[in-house]
Amino acid sequence: IISKKERDLLNLPLKSIDFYWQLTSQSGETLHFYASHKYTNEEGGAQDHQYTEQRKFLENANQSKMGDNVFFIALCEGNYYRKPNKKDNKSRIDLMNENDIGKQSIAMPLCDLDAYIENKISPPKIIKKRKRTLSKKTSIN
């Protein structure tokens with residue numbers, strides 16, 4: 001994600017990537033996707049370590065200078081990531097998306113991946129409304 005020189009300069013731990021793929025957008029641009037995947041169902045010390053790894057993945061991704069066509073996704077599966085906490089009723093995925101993501105990174109469950117990718121490949125078009133002038137004979141109901 002970042003060069004060895006950048007990693008050494010910033011003194012960052014580098015986490016492995018579980019998945020990489022590329023797709024072509026409707027405009028013809030090549031989009032690159034890097035993903036880290038964790039499945040965690042129960043609470044506990046080792047599970048907390050997996051959560052920390054996902055957060056570090058996003059933090060490292062935010063320091064990347066790879067361009068606007070590169071996306072980093074922390075795929076978080078299991079109740080551990082989805083269960084709301086008692087303090088503010090937010091899931092760990094919600095907390096990562098509030099605190100750890102940047103312009104090109106996001107945390108999500110696998111079931112949301114297709115919609116996210118589809119939005120990147122063919123983003124919704126902004127439709128500008130045109131003001132029409134009507135003749136006296138024309139009416140719009």
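Every read-out reported here was derived from the displayed coordinates using simple, explicitly stated rules and does not represent laboratory data. No experiment lies behind these values; they were computed from the predicted model shown.
Extension gain for K87-Y39 works out to 15.0 nm (0.36 nm per residue, less the C-alpha to C-alpha distance). Between the amide H of V70 and those of H32, distances stay under 5 Å, these residues lying 5 or more places away or on another chain, with hydrogens modeled in the peptide plane.
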